[in-house]
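One structure below.
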Amino acid sequence: MDELEEKANTLFTGKTSQLAASHNHIRCTVDGCLQHATVACEVAVKNSHLGPDGEIHHIPLCSNHAQAGDTLRWEWRRDPDASATRKLRLDNLFALDTVED
């Protein structure tokens, strides 16, 4: 079965957690960002396949992109693993100031 792109509403919950110094090798999730992630931002993902509660994901972001909020563009794909606890996985994350037309 091919993975399918899913339309989903992604909202920052306002919860963030600092990444431990031992995680300083993790890069920011935003496509093309070369900065190290400093925080894990909690986002709520909702769409018609997930039911009313949706899913919660923790996304590593640098300090600049953690403040970008609603200006980020999220692309989710359905996880092909039927036994996965999460139905969607983040496929791409773009900052609007770096998206090509």
Inset, instruction - Please list, in chain and number order, the residues 5+ apart from ASP31 or on another chain whose amide H is under 5 Å from its amide H, with Hs placed from the backbone. - result: LEU93, PHE94, ALA95
Inset, instruction - Show me 60-68, 12-20 ranked by packing, highest mean number of other Cβ atoms within 10 Å first. - result: 60-68, 12-20
Inset, instruction - Might you work out the accessible area of VAL39 for me, using a 1.4 Å probe with all protein chains in place, and round it to the nearest 10 Å²? - result: 10
Legend entry - the chain, accessible area per residue, ligands and nucleic acids excluded (1.4 Å, Å²): 66
Inset, instruction - Do me a favour and compute the ellipsoid semi-axes for segment 27-79 from its Cα gyration tensor, root of five times each eigenvalue, largest one first, whole Å. - result: 23, 11, 10
Legend entry - Debye equation applied to the C-alpha atoms of segment 3-97, log10 I(q)/I(0) at 0.25 Å⁻¹: -1.34
Legend entry - Accessible surface of the chain [probe 1.4 Å, protein heavy atoms]: carbon and sulfur percent: 48
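The values are calculated or read from the model by the stated rules, or taken from the named source; none is laboratory data. Worth saying up front: this structure is predicted, and the values here are computed from it rather than measured. All Cβ positions, glycine included, derive from the backbone under ideal geometry; neighbour counts span all protein chains shown. Each accessible area value is taken on the protein alone, full model and side chains, heavy atoms only, with ligands, DNA and RNA left out. Shrake-Rupley method; radii C 1.70, N 1.55, O 1.52, S 1.80 Å.
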